[in-house]
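Participant: Please read through the structure below; I'll follow up with questions.
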Amino acid sequence: MSNAIFYHAGCPVCVGAEQMLIDAINQAKYSIESVHLGQQPGRIGEAESAGIKSVPALLLNGQVFHINFGAALADLKS
């Protein structure tokens with residue numbers, strides 16, 4: 001099983017995208033982890049290292065998919 005990590009900031013755009021992804025991704029093939037960076041700021045560095053520039057974003061098999069634009073990671077650091 002592959003991992004899918006959904007990074008978000010908890011805003012309405014992010015929550016909507018999260019629900020759509022959960023409904024769309026084949027959960028028999030992917031284990032989905034949702035990371036709320038507002039509540040888990042210690043994981044911002046992990047997201048940056050993976051190539052995440054803004055949230056909401058999905059990391060799937062090491063590839064970043066930016067979804068819409070809710071907040072830049074730099075905004076979440078302050």
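Participant: Please work out which residue is surrounded by the fewest Cβ atoms within 10 Å (Cβ to Cβ), limiting yourself to the range 7-18 and to residues that are under 20 Å from Asn61 (Cα atoms) and not hydrophobic (A, V, I, L, M, F, W, C).
Facilitator: So, considering only residues that are under 20 Å from Asn61 (Cα atoms) and not hydrophobic (A, V, I, L, M, F, W, C), the one surrounded by the fewest Cβ atoms within 10 Å (Cβ to Cβ) is Glu18.
Participant: Residues in the range 37-78 that are small (Gly, Ala, Ser), outside any loop (DSSP other than H, G, I, E, B) and at pLDDT below 90: how many? Write out each step before concluding.
Facilitator: Taking the range 37-78 as the starting set, the residues that turn out to be small (Gly, Ala, Ser) are 38, 42, 45, 47, 49-51, 54, 57, 62, 70-72, 74, 78.
When the remaining residues are screened for being outside any loop (DSSP other than H, G, I, E, B), the result is 42, 45, 47, 49-50, 54, 57, 70-72, 74.
From the residues that got through so far, the ones that are at pLDDT below 90 too are 70-72, 74.
Going through the range 37-78 one residue at a time, the tally reaches 4.
Participant: Considering each residue of the range 37-49, count those that are touching a Leu at 6+ places or on another chain (Cβ under 8 Å), over 15 Å from Phe65 (Cβ atoms) and not acidic (Asp, Glu), and give that number. So that I can check it myself, show each step before the final result.
Facilitator: Taking the range 37-49 first, the residues touching a Leu at 6+ places or on another chain (Cβ under 8 Å) are 37-38, 41, 43-44, 47-48.
Among the residues that remain, those that are also over 15 Å from Phe65 (Cβ atoms) are: 37-38, 41, 43-44, 48.
When the remaining residues are screened for being not acidic (Asp, Glu), the result is 37-38, 41, 43-44.
The qualifying residues number 5.
Participant: Of the residues Ile32, Ile52, Ile22, which single one is of a type outside the set (Gly, Ala, Ser), surrounded by 12 or more Cβ atoms within 10 Å (Cβ to Cβ) and closer than 14 Å to Ala71 by Cα?
Facilitator: Criteria check complete, one pass: Ile52.
Participant: Let me ask you something else. Please pick out the residue among Val13, Val55, Val64, Val35 that is in contact with a Pro (Cβ under 7 Å, 6 or more places away or on another chain) and on the phi < 0 side of the Ramachandran plot. It would help to see each step written out before you state the result.
Facilitator: On the way: Val55 fails: in contact with a Pro (Cβ under 7 Å, 6 or more places away or on another chain); Val64 fails: in contact with a Pro (Cβ under 7 Å, 6 or more places away or on another chain); Val35 fails: in contact with a Pro (Cβ under 7 Å, 6 or more places away or on another chain).
Of the residues listed, the single one that is in contact with a Pro (Cβ under 7 Å, 6 or more places away or on another chain) and on the phi < 0 side of the Ramachandran plot is Val13.
Participant: Mind listing whichever residues of the range 21-36 are among the aliphatic types (A, V, I, L, M), farther than 10 Å from Tyr7 by Cα and either in a strand (DSSP E or B) or in contact with a Leu (Cβ under 6 Å, 6 or more places away or on another chain) (or both)? Walk me through how you get there before you give the answer.
Facilitator: Filtering the range 21-36 down to residues among the aliphatic types (A, V, I, L, M) leaves 21-22, 24-25, 28, 32, 35.
From what is left, the residues that are farther than 10 Å from Tyr7 by Cα are 21-22, 24-25, 28, 32.
The answer is Ile32, and nothing else.
The values are calculated or read from the model by the stated rules, or taken from the named source; none is laboratory data. This one's a predicted model, so the numbers in the text were calculated from it and none came from an experiment. Using ideal geometry, Cβ is built from the backbone for each residue, glycine included, and neighbour counts are taken over all protein chains shown.
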